[in-house]
Ligand SMILES: Cc1ncc(C[n+]2csc(CCOP(=O)(O)OP(=O)(O)O)c2C)c(N)n1
């Protein structure tokens, strides 16, 4: 990286010391080299990718940069983008992906959709066929721009190398600013090979048609404060916006000053420690009892950096109708999209929260908070205790998580896949630090966890990263064990094996008369599979073995696969059945 | 809220692919675009989309926010028909002999303000501009006389209260724009009250 800056400053020095010679001192480099320079200037330290014909010039340029940037060779491009997402989520930086044209690029689509809906900053560079072949159905040509338009925040096709520096600068700025999201830059092979006079790379922080941050209007902050100050039963619900806005401290000060009971969405989880005295748990379909029921009892609902997903709101026309709603969000399109607000405060919550905190009164709401605790007690009796301390012979998912909490003390990064294990893990995991809950919330992408955990480890190399995955989801991207092997990624993989596509089976049991239609899934011997990849592992099914097995996994130097056989037909409760209001949440 | 015709005016950077990005905002929600026109605007380098849809105001407002969210979109406005001046252009191909023989047709065309834009031995192409109903009425009238071909353009519309985009654009070029630019037109005070009561 230093050398690049040196080259740049040398050029400018020469420019100033010698009479201007019409840019003859400019370096003549290839489009591919310009891509690598851009990454260096954006301080990219890790790339997840997979080579192929149409991106070979970029891989050739990468060859000269491997000392400064770490390229992780994945086993499937979907793995690359999920890894980049995991990296972005634990590091707070933009994840970077390389993929080739055609199938390479189409393999990214699931990850793009996931990153789009979960606002994850990723820049994907895809190779494309030569410009003169565009539209001819050339070998490995697909219309990447049109395929990815609905699932990208921005995308652009480069056919001329001179555009690369400015387009890459735009890509990083757009992906990471405002409400983050994925960007695809599709570069035709001729542009990768084309030599041009490189004028240096300039990072940008302004595009005239793009307003990443709405201006904060004090008037609405004042109105919001007035509502909060007059509230007797205020309730704060927050999402990933708090983490994306790096506003964890501002948020904590806000709820603590107002004495405000606070619940998170699955995406917001870990922005405050899960055992914070004002934390009342998780919202949503499998969230906690109190926060769901009391959403329909509070008088002022304060939503911060969240988007009222239907998994959170349940039936909309019965959602918080009694409450005045305050919505703080950076994205104007989210305001009044699903829930009509009384006061909307647009802006980056890093800026709006301190303004609001200043105007609210120092308060406590002990009786109101007690209501949450009462519901918590009921939930404990019917759901939590049976899950965490089961009397059944078979193991429950909850007791695995409980033991894990005791061993990690809440300091690990928890990466989950999609299904029952995801809900159980998110319900019961103790997390002390922000950016610790990595899951596919909006898209619910099975197969997310393994590659995302790989990326999460690169994004937070000093932290313990644990992936909790179902037997179904593990088999969706199990090939990434190859990546774990080759790059020696020290992640701990827990497969909670119930021999079922558990979450779908639960729905079939509850809503389709137990007609178990194609939810029984067989698995290979996961420990043997891991062994094939030279990864150590173990399978346990007895309670007595569990503590020992988890300890051994955590103490093991290097990656580890621990398969835990759990009860086949356990269900996750509480549950807000689809089409019901949050107050109709079922405990069994 | 009932559905009615809205004209959405979008100012954008002229960019390949943006048409698709805007179109899918409608198609994703299964909303039919009645008419769509792209053209230059009063500002060099700024493109103008004019889109007509039949929807409730609530839906149109949300659509405009989704449109404005696109990186290359500068601004999106929506208006009801009484807030705009609008026109559509239509062309009609009619057999020349009918026109020559039947005086009635000629009178008809005169009545509707039609102009001949091509005259050939076998056919004449007429052109009119106006509102949809006027154009439709002329087609109906021409049909019995052997209308050979007909085409109607998308709507173009001028917003009555608009002062043009020059001033707004200047604001966009600043790093710290004034509140006026940032302000979402659809969430002014009166609007808020409406939302309150819902
Ligand atoms: C790619 C994908 N396909 C299908 C689904 C639908 N789906 C949601 S949960 C689930 C079952 C997951 O089973 P498993 O991975 O074994 O986890 P469990 O629910 O048993 O914990 C399925 C099939 C999905 N979310 N993602």
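The values are calculated or read from the model by the stated rules, or taken from the named source; none is laboratory data. Only a predicted model underlies this, so the values are computations on that prediction, with no experimental measurement involved. Note that each Cβ is placed from the backbone with ideal geometry, even for glycine, and that neighbours are counted across all protein chains shown.
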I'm trying to understand the selection: among the residues of the stretch A:263-273, which are part of a loop (DSSP other than H, G, I, E, B) and either surrounded by fewer than 20 Cβ atoms within 10 Å (Cβ to Cβ) or over 18 Å from the mean Cα position of the chain (by Cα) (or both)? A:273
Those residues that are surrounded by fewer than 19 Cβ atoms within 10 Å (Cβ to Cβ) and touching a strand residue (DSSP E or B) at 6+ places or on another chain (Cβ under 7 Å), I need them from the stretch A:210-226; list them, please. A:223
Within the stretch A:143-262, which strands (runs of 3 or more DSSP E) (wholly inside it) include 3 or more residues that are outside the structural domain of residue A:121 (by TED's automatic domain parsing) and over 30 Å from residue B:14 (Cα atoms)? A:234-238
When only residues in the stretch A:404-430 that are more than 15 Å from the ligand (Cβ to nearest atom) and assigned to a helix (DSSP H, G or I) count, which is surrounded by the fewest Cβ atoms within 10 Å (Cβ to Cβ)? A:406
Would it be correct to say that residue B:141 is modelled with pLDDT under 95 and surrounded by fewer than 16 Cβ atoms within 10 Å (Cβ to Cβ)? no
Given the condition within 14 Å of chain A (Cβ to nearest Cβ) and surrounded by fewer than 21 Cβ atoms within 10 Å (Cβ to Cβ), answer yes or no: does some residue in the stretch B:73-82 qualify? yes
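With A:547, A:490 as the choices, which residue is touching a helix residue (DSSP H, G or I) at 6+ places or on another chain (Cβ under 7 Å), under 20 Å from residue A:389 (Cβ atoms) and either more than 16 Å from the ligand (Cβ to nearest atom) or not assigned by TED's automatic domain parsing to the domain that holds residue A:468 (or both)?
A:547
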Out of B:125, B:94, B:73, sole residue that is in contact with a helix residue (DSSP H, G or I) (Cβ under 8 Å, 6 or more places away or on another chain) and at pLDDT below 95: B:94
Condition test on residue A:195, is it at negative phi and modelled with pLDDT of 95 or more? yes
Could you please find all residues in the stretch A:459-482 being surrounded by fewer than 24 Cβ atoms within 10 Å (Cβ to Cβ) and more than 9 Å from the ligand (Cβ to nearest atom)? A:460, A:461, A:462, A:463, A:464, A:478, A:479, A:482
Pick out, from the stretch A:298-403, the helices (runs of 4 or more DSSP H) lying fully within it that include 2 or more residues that are closer than 22 Å to residue A:218 by Cα and either at pLDDT below 95 or more than 13 Å from chain B (Cβ to nearest Cβ) (or both). A:349-359
Search the stretch A:494-519 for residues that are assigned by TED's automatic domain parsing to the domain that holds residue A:478 and under 14 Å from residue A:570 (Cβ atoms) and pair each with any residue that is at pLDDT below 95 and more than 12 Å from the ligand (Cβ to nearest atom) when their beta-carbon atoms are under 7 Å apart and the residues are at least 6 apart or on different chains. none
Verdict on residue A:502 being within 11 Å of the ligand (Cβ to nearest atom) and either within 22 Å of residue A:587 (Cα to Cα) or out of contact with any helix residue (DSSP H, G or I) (no Cβ under 6 Å at 6 or more places or on another chain) (or both): yes
Residue, nearest to the other protein chains (Cβ to nearest Cβ), within the stretch B:144-198, restricted to residues that are closer than 18 Å to residue B:6 by Cα and modelled with pLDDT under 50: B:184
May I ask you to verify whether residue A:117 is modelled with pLDDT of 95 or more, within 16 Å of the ligand (Cβ to nearest atom), within 14 Å of another protein chain (Cβ to nearest Cβ) and within 28 Å of the chain's Cα centre (by Cα)? yes
Being within 14 Å of chain A (Cβ to nearest Cβ) and either part of a strand (DSSP E or B) or within 30 Å of residue A:173 (Cβ to Cβ) (or both): is that true of residue B:43 here? yes
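Does residue A:537 meet the test of being more than 12 Å from the ligand (Cβ to nearest atom), in a loop (DSSP other than H, G, I, E, B) and either in contact with a helix residue (DSSP H, G or I) (Cβ under 8 Å, 6 or more places away or on another chain) or farther than 30 Å from residue A:461 by Cα (or both)?
no
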